[in-house]
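Here is the structure we will look at, set down as C-alpha cells.
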Amino acid sequence: MKTDLSLEKTPAQPAAPFASIFRQIIQRPETSIVILLLLLGAVLSQSSSAFLTPSNLFNILRNNADIAIAALGVTLVIVAGGIDLSVGSTMAFSGLVAAIAVSLGGTTAYQLPSFGLPPLIAFALGVLAGALVGLINGLLVVKLKVVPFIATLGMLGVVRGLVVGLTSGQTVRNFPVEFTNLGQGFLGPVPIPVVFLVVLALLVGLFLAYHVWGTYIYAIGGNETSATLTGLPVSRVKILTYVLCGALAGVGGVLVVARLGVSAPTQALGYELYVIAAAVIGGVSLSGGRGTVFGAVLGAILIGVLNNALVLLRVESYWQQAFTGGIILLSALIDRLRQRRS
C-alpha cells in the first residue's frame with residue numbers, strides 16, 4: 001500500500017518561513033541594540049535606583065533628541081555614499097541664527113542686533129541656515145568634485161569660525177518663554193524635543209521607504225556608477241541629502257539653544273562624532289547603500305543611555321570623554337565587521 005508522502009510533509013512546511021523571518025530579525029543591528037538596551041537597563045537599575053524612573057528616562061530622551069535628529073540627516077548622506085563632518089558646527093550656527101532672531105536684547109554679545117521675532121519664525125530661520133550650510137556642502141561635493149571628507153571638514157572649520165567671530169566668543173541669551181518651551185516644555189508627559197524627534201523620524205523613514213527619491217538614495221549609495229548609467233538624477237539626489245542633513249542639524253541646533261536657554265560659540269562642539277557614531281552603531285554602513293532611520297535613532301539612544309549611566313555611576317568627566325572615543329572606534333569596527341560578513 002502506497003503512502004502519500006506529500007501529506008506527511010505538509011505540517012513541516014509553514015515552519016520554514018517563520019524560522020527565516022525570526023533569523024532575519026535577530027541578525028538586524030536594530031535588534032542587537034534593543035537587546036543591549038534591555039540588558040543595560042537591567043544592570044543599571046540594580047546599580048542606581050534612579051535609572052528606571054520616568055523622569056530620568058525622559059531626560060535621556062530630551063537631552064539626546066538633538067543628536068538623534070541630526071543623525072537622521074547624516075543617515076541620508078551616508079546611505080547615499082557621502083559623509084558630513086560639519087554637523088556640529090551647523091547645529092551651532094543654526095542655533096545662533098535662531099537666537100539672534102528671537103532674542104529680546106541685553107545679551108553679552110553687544111555687537112549683535114536683537115530682533116525679537118516670533119519664536120516660530122526664529123525657528124524657521126535657524127533651520128534655513130542649516131539647510132544653507134548643507135547646500136554649500138552639496139555643491140562642493142557634487143559640482144566642484146571635492147572629496148566629501150575634505151569638503152565637510154573644511155566647512156566644519158569655516159562655520160565654527162563664523163559662529164565664534166560673530167559673537168566674539170560671547171553668548172546670546174534673553175529669550176521669550178515661548179521659545180525656551182520648545183526645548184524645555186512638555187506635550188502631555190512627553191518632552192517637546194522628543195515629539196520633534198518622533199515626527200521627523202517618521203517623515204524621514206517614510207521618505208526613504210516609500211518615496212522614489214528614497215529608493216534613489218539607496219541605489220546611489222550601493223553603486224553610484226550603475227545609478228548614473230541607468231539615468232538616475234545622481235547630482236540632484238546627493239545635493240538633496242546634504243540639504244536635508246543641514247536642515248535636520250538646524251532643527252537639532254535650535255532645540256539645543258531652546259533647551260539650554262543660551263547660544264554659545266562652543267555649542268554642539270564635537271557633536272559630529274556622536275551623530276555619526278549613532279548612525280553607524282544603528283546599522284548605517286559607511287560604505288553607503290545600507291541603513292535605516294530606526295537604527296540611527298536607536299544608536300543615539302544607546303549613546304545617551306551609556307553617557308547617563310556614567311553620570312549615575314559618578315564616573316569622572318575625563319573618563320567619560322575617553323569612553324566616548326571608545327564608542328566611536330567601536331562603531332567603526334562594527335561597520336567593518338558587517339561589511340566583511342556581507
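Here's the yes/no breakdown for (1) out of contact with any Asp or Glu (no Cβ under 7 Å at 6 or more places or on another chain); (2) at pLDDT below 85:
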site: 77; (1), (2): no, no
site: 81; (1), (2): no, no
site: 90; (1), (2): yes, no
site: 98; (1), (2): yes, no
site: 101; (1), (2): yes, no
site: 106; (1), (2): yes, yes
site: 112; (1), (2): yes, yes
site: 118; (1), (2): yes, no
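Considering 322, 332, 258, the condition of being of a type in the set (Gly, Ala, Ser), part of a helix (DSSP H, G or I) and closer than 23 Å to residue 183 by Cβ is satisfied by 258 alone.
The residues listed here are 95, 88; of these, the one that is of a type outside the set (Asp, Glu) and out of contact with any strand residue (DSSP E or B) (no Cβ under 8 Å at 6 or more places or on another chain) is 88.
The one condition from (1) without any contact (Cβ under 8 Å) to a residue 24 or more places away in the chain; (2) surrounded by 24 or more Cβ atoms within 10 Å (Cβ to Cβ) that residue 337 does not meet is (2). Of all residues in the stretch 266-279, those satisfying the criterion of being surrounded by 21 or more Cβ atoms within 10 Å (Cβ to Cβ) and either assigned to a loop (DSSP other than H, G, I, E, B) or touching a residue at least 60 places away in the same chain (Cβ under 8 Å) (or both) are 267, 268, 271, 272, 274, 275, 276, 278, 279. The residues of the stretch 286-334 that are of a type in the set (A, V, I, L, M) and free of Cβ contacts under 8 Å to residues at least 40 places away in the same chain, listed by number, are 310, 311, 315, 322, 329, 333. Every listed requirement among (1) at pLDDT below 95; (2) at negative phi is met by residue 139 save one, (1). For residues that are touching a Ser or Thr at 6+ places or on another chain (Cβ under 6 Å) and either assigned to a helix (DSSP H, G or I) or aliphatic (A, V, I, L, M) (or both), scanning just the stretch 142-185, find the one that is surrounded by the most Cβ atoms within 10 Å (Cβ to Cβ). Among residues in the stretch 142-185 that are touching a Ser or Thr at 6+ places or on another chain (Cβ under 6 Å) and either assigned to a helix (DSSP H, G or I) or aliphatic (A, V, I, L, M) (or both), the one surrounded by the most Cβ atoms within 10 Å (Cβ to Cβ) is 152.
The values are calculated or read from the model by the stated rules, or taken from the named source; none is laboratory data. Computed from a prediction, not measured in an experiment: that's the story for all the values here. Quick reminder, even Gly has a Cβ in these numbers, built from the backbone with ideal geometry, and neighbours come from all protein chains shown.
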